[in-house]
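Student: Can you keep this structure in mind? I'll have questions shortly.
The values are calculated or read from the model by the stated rules, or taken from the named source; none is laboratory data. Small disclaimer: the values here were computed from a predicted structure and weren't measured. Cβ placement follows ideal geometry from the backbone for every residue including glycine, while neighbour counts extend to all protein chains displayed.
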Amino acid sequence: MTILITAGPTREAIDPVRYLTNRSSGKMGYALADVAAAKGNRVILISGPTDAALEVPDGVDFIPVESAADMYVAVERWMAKADVAIFAAAVADYRPVEFVEQKIKTVGDELTLKLVRNKDILGSARGKFLFEGTLVGFAAETENVVENARGKLLKKGCDMVVANDVSRKDIGFDSDENEVILVFRDEEETVAKADKHRIAHSVVEVAMGMEEDRQRSVSDAANTNTNTNTNTHVEGDQQKIL
Ligand code: CTP
């Protein structure tokens, strides 16, 4: 299978020396890429800027990006090649309306930044990029974790959303450990607290299983169609012979 993964934060430039970003180490996305490659998949890792200490796993096609707009373009370009897409990136929801070419000087006691909404990359997968494979999103929540995650699953057309409770200090963000709830359309399943590699194992395994089931039902449907067509043919021929 080919698995596309987004990871890390994005950077939204304000001026040549400043940017807006999200709290994300990229560890979860890189662990997913590592595990997916180890399971024999082709992996396309599209990542925002992460700590240099985080190494790109062996055997992974790496596409570095900076802003949410760059990530959108890269995902649009590569998504058609993927069977499974896992969106672990912490994409900045807003960017400055304009990039100021010269460094903004420190004048006055207040500075107002005007922001504009970035495109929802995960939310574009079905409607815009016409992705038909297994789609997995992440949801960082501070309350009503399962309800909010399921809301995102339905809104963005996902098959599974990996939900994190980011109000907990012992897991998530910079931590090496995480505890997640895999949220599906009609049920959910908690993956007990473990290091991010173990969590990645569960996520990749479930996603690959869902994709295998999907591909099987697509090919079963195609076979049923072929059989129906063949029958019609035979009947036609028989009529001709008669
Ligand atoms: N995501 C994305 N593009 C964006 C924003 C988010 O691809 N511009 C993806 C993330 O990678 C993640 C999922 O969408 O897989 C959930 O992100 P989140 O920011 O929590 O979703 P929102 O719909 O923005 O909800 P909220 O109001 O909670 O921020």
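Student: Just to be sure, is K155 within 12 Å of the ligand (Cβ to nearest atom) and assigned to a helix (DSSP H, G or I)?
Tutor: On the way: within 12 Å of the ligand (Cβ to nearest atom): yes; assigned to a helix (DSSP H, G or I): yes.
Answer is yes for this residue.
Student: Counting just the residues of the stretch 70-98 that are β-branched (V, I, T) and under 19 Å from A140 (Cα atoms), which one comes out surrounded by the most Cβ atoms within 10 Å (Cβ to Cβ)?
Tutor: Taking the stretch 70-98 first, the residues β-branched (V, I, T) are 73, 75, 84, 86, 91, 97.
Narrowing further to those that are under 19 Å from A140 (Cα atoms): 86, 91.
Numbers: I86: 29, V91: 22.
Here the residue is I86.
Student: Taking the conditions exactly as written (in contact with a strand residue (DSSP E or B) (Cβ under 9 Å, 6 or more places away or on another chain), basic (K, R) and more than 10 Å from the ligand (Cβ to nearest atom)), does K105 satisfy them or not?
Tutor: Answer is no for this residue.
Student: Kindly list, by first and then second residue, each pair from a residue in the stretch 130-158 that is more than 24 Å from A82 (Cα to Cα) to a residue that is more than 11 Å from the ligand (Cβ to nearest atom) and polar (S, T, N, Q), limited to pairs with Cβ atoms under 6 Å and residues at least 6 apart or on different chains.
Tutor: So the pair list comes out as T142/S167.
Student: Which of the strands (runs of 3 or more DSSP E) contained wholly in the stretch 50-99 include at least 1 residues that are more than 14 Å from the chain's Cα centre (by Cα)? Even if it seems obvious, please write down each step before you answer.
Tutor: On the way: elements: 60-64, 84-87, 94-96.
By residue number, 60-64, 94-96.
Student: If you take the residues in the stretch 170-197 that are buried (at least 17 other Cβ atoms within 10 Å of the Cβ), at pLDDT 90 or above and of a type in the set (V, I, T), which one is nearest to G29 (Cα to Cα)?
Tutor: Filtering first and then ranking leaves V180.
Per-residue answers, yes or no, for (1) β-branched (V, I, T); (2) crowded, with 22+ Cβ neighbours inside 10 Å; (3) within 18 Å of T21 (Cβ to Cβ):
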site	(1), (2), (3)
I63	yes, no, no
A68	no, yes, yes
V100	yes, no, yes
N118	no, no, yes
G123	no, no, no
F131	no, no, no
V136	yes, yes, no
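Student: Would you confirm, using the coordinates I've provided, whether A149 is buried (at least 18 other Cβ atoms within 10 Å of the Cβ), touching a strand residue (DSSP E or B) at 6+ places or on another chain (Cβ under 8 Å), not in a loop (DSSP other than H, G, I, E, B) and not polar (S, T, N, Q)? Steps first, please.
Tutor: Details: buried (at least 18 other Cβ atoms within 10 Å of the Cβ): yes; touching a strand residue (DSSP E or B) at 6+ places or on another chain (Cβ under 8 Å): yes; not in a loop (DSSP other than H, G, I, E, B): yes; not polar (S, T, N, Q): yes.
When the stated conditions are applied, A149 passes them.
Student: Oh, and also: What about D15, is it out of contact with any Pro (no Cβ under 8 Å at 6 or more places or on another chain), under 23 Å from L115 (Cα atoms) and away from the ligand (no atom under 13 Å from the Cβ)?
Tutor: Working: out of contact with any Pro (no Cβ under 8 Å at 6 or more places or on another chain): yes; under 23 Å from L115 (Cα atoms): yes; away from the ligand (no atom under 13 Å from the Cβ): yes.
In short, yes.
Student: Looking only at the stretch 158-169, filter to residues that are within 13 Å of the ligand (Cβ to nearest atom) and of a type in the set (D, E, K, R); which one of those is modelled with the highest pLDDT?
Tutor: Among residues in the stretch 158-169 that are within 13 Å of the ligand (Cβ to nearest atom) and of a type in the set (D, E, K, R), the one modelled with the highest pLDDT is D159.
Student: How about the stretch 1-43: which strands (runs of 3 or more DSSP E) wholly inside it have at least 1 residues that are closer than 24 Å to D93 by Cβ and touching a Leu at 6+ places or on another chain (Cβ under 7 Å)?
Tutor: Values: elements: 2-7, 12-15, 18-20.
Answer list for the stretch 1-43: 2-7, 12-15.
Student: Let me ask you something else. If K114 satisfies every condition in (1) at pLDDT 95 or above; (2) within 10 Å of the ligand (Cβ to nearest atom) but one, which is the exception?
Tutor: (2)
Student: Right, something else. Let me spell it out: the conditions are (1) over 20 Å from I5 (Cα atoms); (2) of a type outside the set (F, W, Y); (3) in a helix (DSSP H, G or I), and S202 meets all of them except one. Which number is the exception?
Tutor: Among (1) over 20 Å from I5 (Cα atoms); (2) of a type outside the set (F, W, Y); (3) in a helix (DSSP H, G or I), the lone unmet condition for S202 is (1).
Student: Next question, about the same structure. Using beta carbons and a limit of 7 Å, which pairs, at least six apart or on different chains, have the first residue in the stretch 33-47 and without any contact (Cβ under 8 Å) to a residue 24 or more places away in the chain and the second one among the hydrophobic types (A, V, I, L, M, F, W, C)?
Tutor: Going by the 7 Å Cβ cut-off, the qualifying pairs are A37/V43; A37/V60.
Student: A further question on this structure: Please enumerate the residues belonging to the stretch 125-143 that are touching a helix residue (DSSP H, G or I) at 6+ places or on another chain (Cβ under 6 Å), under 10 Å from M160 (Cα atoms) and near the ligand (Cβ under 10 Å from one of its atoms).
Tutor: V136, G137
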